[in-house]
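First comes the structure, then the notes that go with it.
The values are calculated or read from the model by the stated rules, or taken from the named source; none is laboratory data. If you're wondering where the values come from, they're calculated on a predicted model, not measured in any experiment. In this analysis, Cβ positions are derived from the backbone assuming ideal geometry, glycine residues included, and neighbour counts consider all displayed protein chains.
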Amino acid sequence: MSTKTLRKRIALTVVAALATGVLSVTPANAHNTIVAAAVLGTATNGNPMTLNLTQATMVTATVLANDGIAAPAFGTTGSGSVVYTAARSVGLLSKDSSSGTAQTATVTPGATLSFYASTGSAMAHTAGSATDVAFTATGGTFNTTSATGYGHYGSISGYYQNQTRNVAVFDMNAGTVVAQLWTAPTEVGSYVVSYYAGVPTSDTIIAAPTQGTLSGRITVTVVATSAGGSYDASKSFCQISSLNATGATSNVDSSETVSNGGTWYVRFALKDAYNNALDTGNIVANATNGGFLSYSNAGATSNAGTASTVVAFDSGSSDAILVTQPTAGVPLTTTVTVTYNGTTICTKTVTIRGTVSKIVVSDVATQDLGSGTASSTWLDDSTGRSGMFRVLATDSAGNIVATDGIGTFSSKSSSLAGQTIVTAFSVNNSATSNSSTAAARFSTGNYTCGATAGQLSSAVLSYVVAATGTTIDSAPFALRCADDPYTYTASWDKAAYSQGEIATLTVAFLDSKGNPANNVGSTGTWTSLTPMLTAVSATGSAPTLSDKGVKTYTYGVGTASGMTAGSYVSIIDFTALTAVAATKQTPSYKVSTGGDTTSNADVLKSIVALIASINKQIQALQKLILKR
């Protein structure tokens, strides 16, 4: 059993104490003595020969000394590809992932960093490829003692430092790898350590080290107080997903849905201010509404939990909380709150759908007499499925449930008994999605009509849940049978329109018996004449009729070339129907510009009426005068 597993089992015995804050755990190690291996993301130092094969590279040892004594890579003997792993730094709090000339690090005052570098190309170990190199620093000092201050692989002519010990130079004899310790100042601030390859030789080597090629550089920030070891929200991630991957990679939650029996994971990756993993601490997760939780470590498979609280003693660097339903088939919406040492990491709400509890039939088309062929245009839902009605299944909380594979539909036999209008109905495509925006959230159904037009008003559809054998019935719905379009009527929604209004044309189709036509028979193409109107919806093609044989079209009042007010007659001609029995429809309407519509005739009429009124008044006045 691993140490980590043992710790977690011990932690589970004190769930109540940890959850209430009565018991807390303080790590034995202070975090400023522990740092993640940021260069390669492993527990070892980076290899200078593989990090950059085209030029010299300066690498910072990210493995820290347990005894507090820094160590350089590469003694005077041994293999350079092995000895660098022994390099140790002290007081390093964080290190970025680069190894070029833009490196950064954060350290405590007086920290000692262990640098090492290849002196040239990947062939640096080849005899005759000697390259003199130098380290420089804007502050702090380079260590001088050979046993603890610097090292090299291969032979050198000499090692030199200037008086202030901020320059260290290696005079090489052959291609090699070099190492150098550097102690940071105790003053808070930023300092730069640089590495140059190919510097001048002989007496000028100390005076002009920067004349070489800059091959590595790091900006080191000395801080008075370490911000490491404490949870930092800006560097940490928490997200929900149905997949148990290794921790979280962002704060973006999954938008998917989880079906009955499925699982959610609240995944997290906890970091401190230096982007390092935290020390082990108390991680507690609680779920509302009775949701079951269990702890999943680093992507490992975890069994479903049996309680709404779970506790672990862990760093939380790449872990997750598994969320499951407490009762199979019953929908769950739960809010999961995760804390680390009492600090809330994240709060996530997830839903796991239950089994089917209700089915609703909608969008029922009218079928052709003597036919059971499903319409390919009635549903028009982008899935290419044919059908004469839709069915939506939901759980007891109203969540949409995909029915495919978890049960079966059938017609309730009692609803077909004693009539011959509808001979059969069924579901021909089961729903495959539980998304509220997906067309496939609906199942599609079809039915067969006999030879007699009419309506079955009490059709009932049943669904049997395979896991439980439970049967769910729909509310009664109507199935209608009629013949193909034979005649039609057309009308406008208003008798008069003003320019800029929307006019609606309604065309109602009847079968040969005068019943509203079915929705699968063809009306044929049509032509129209609509003066002073501009079509908005598509016209001319054979339409798919809406319920009860009706189709509507919209028009804008007015044309691009202007409009003349007046009364007009439209012509609506479904040529295939009028060639047999139907009559062209000619609904009329008036249009106006919306301003003053008074005509010259109206003005003249008003003048005549005014003169007549004046004449009457004059006559009345004359009679009055004569009486006196």
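Hey, among 473, 483, which residue is closer than 16 Å to residue 545 by Cα and at pLDDT 95 or above?
Numbers: 473 fails: closer than 16 Å to residue 545 by Cα.
After applying the criteria, what remains is 483.
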**Fill in**
Here the residues within the range 362-392 that are more than 19 Å from residue 482 (Cβ to Cβ) and assigned to a strand (DSSP E or B) are 362, 390, 391, 392
**In the range 542-563, the residues that are touching a strand residue (DSSP E or B) at 6+ places or on another chain (Cβ under 8 Å) and farther than 22 Å from residue 482 by Cα** = 553, 554, 555, 556, 557, 558, 559, 560, 563
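Quick one: which of 90, 83 is at pLDDT below 85 and within 23 Å of residue 144 (Cα to Cα)? Outline the logic, then answer.
On the way: 90 fails: at pLDDT below 85.
From the options 90, 83, the qualifying one is 83.
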**Request:** Give me a count of the residues in the range 107-136 that are crowded, with 23+ Cβ neighbours inside 10 Å and either modelled with pLDDT of 90 or more or not in a loop (DSSP other than H, G, I, E, B) (or both).
**Result:** 12
**Residue within the range 206-220 that is of a type in the set (Lys, Arg), surrounded by 13 or more Cβ atoms within 10 Å (Cβ to Cβ) and within 30 Å of residue 347 (Cβ to Cβ) present** = no
**Prompt:** Can you name the condition, by its number, that residue 102 falls short on among (1) at negative phi; (2) touching a strand residue (DSSP E or B) at 6+ places or on another chain (Cβ under 6 Å); (3) at pLDDT 90 or above?
**Reply:** (2)
**Message:** modelled with pLDDT under 95, within 18 Å of residue 92 (Cβ to Cβ) and either assigned to a loop (DSSP other than H, G, I, E, B) or under 47 Å from the mean Cα position of the chain (by Cα) (or both): is that true of residue 195 in this structure?
**Reply:** yes
**Fill in**
residue 387 fails exactly one of (1) surrounded by 22 or more Cβ atoms within 10 Å (Cβ to Cβ); (2) over 29 Å from residue 468 (Cα atoms); (3) free of Cβ contacts under 8 Å to residues at least 60 places away in the same chain, namely (2)
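Restricting to the range 474-499, name every residue that is of a type in the set (A, V, I, L, M) and not in a strand (DSSP E or B).
475, 495
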**Asked** Is there a residue in the range 581-596 that is touching a helix residue (DSSP H, G or I) at 6+ places or on another chain (Cβ under 7 Å) and modelled with pLDDT of 85 or more?
**Response** yes
**Request:** Please determine, by comparing only the residues of the range 435-456 that are out of contact with any Ser or Thr (no Cβ under 8 Å at 6 or more places or on another chain) and surrounded by 13 or more Cβ atoms within 10 Å (Cβ to Cβ), which one is nearest to residue 412 (Cα to Cα).
**Result:** 455
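With respect to residue 309, determine if the residue is of a type outside the set (Phe, Trp, Tyr) and without any contact (Cβ under 8 Å) to a residue 40 or more places away in the chain. I'd like the intermediate steps shown before the answer.
Numbers: of a type outside the set (Phe, Trp, Tyr): yes; without any contact (Cβ under 8 Å) to a residue 40 or more places away in the chain: no.
Taking the combined requirement at face value, the residue does not satisfy it.
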**Request:** Please verify whether the range 537-548 includes one or more residues that are touching a residue at least 12 places away in the same chain (Cβ under 8 Å), under 30 Å from residue 371 (Cα atoms), of a type in the set (Asp, Glu) and in contact with a Phe, Trp or Tyr (Cβ under 9 Å, 6 or more places away or on another chain).
**Result:** no
**Asked** Is there a residue in the range 273-287 that is closer than 25 Å to residue 103 by Cβ, among the hydroxyl-bearing types (Ser, Thr, Tyr), buried (at least 21 other Cβ atoms within 10 Å of the Cβ) and assigned by TED's automatic domain parsing to the domain that holds residue 347?
**Response** yes
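Could you identify the single residue in 558, 540, 562 that is within 44 Å of the chain's Cα centre (by Cα), farther than 28 Å from residue 420 by Cα, at pLDDT below 95 and surrounded by fewer than 20 Cβ atoms within 10 Å (Cβ to Cβ)?
Details: 558 fails: within 44 Å of the chain's Cα centre (by Cα); 562 fails: within 44 Å of the chain's Cα centre (by Cα).
Selected residue: 540, the only one of 558, 540, 562 that is within 44 Å of the chain's Cα centre (by Cα), farther than 28 Å from residue 420 by Cα, at pLDDT below 95 and surrounded by fewer than 20 Cβ atoms within 10 Å (Cβ to Cβ).
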**Request:** Read through the list (1) in a loop (DSSP other than H, G, I, E, B); (2) within 30 Å of residue 247 (Cβ to Cβ); (3) not basic (Lys, Arg), then give the number of the only condition that residue 419 fails.
**Result:** (2)
**Request:** Go through the range 160-191 and give me each residue that's buried (at least 17 other Cβ atoms within 10 Å of the Cβ), part of a strand (DSSP E or B) and not β-branched (Val, Ile, Thr).
**Result:** 161, 168, 170, 171, 172, 179, 180, 181, 182, 191
**Request:** Starting from residues that are modelled with pLDDT under 95 and farther than 21 Å from residue 281 by Cβ, keep the ones in the range 229-251 and report whichever is surrounded by the fewest Cβ atoms within 10 Å (Cβ to Cβ).
**Result:** 250
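Kindly evaluate residue 49 against the criterion of being of a type outside the set (Lys, Arg), modelled with pLDDT under 85 and closer than 23 Å to residue 174 by Cα.
Judged against the criteria, residue 49 is a match.
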**Asked** Looking at the range 486-527, which of the residues that are surrounded by fewer than 18 Cβ atoms within 10 Å (Cβ to Cβ) and under 20 Å from residue 375 (Cα atoms) is modelled with the lowest pLDDT?
**Response** 522
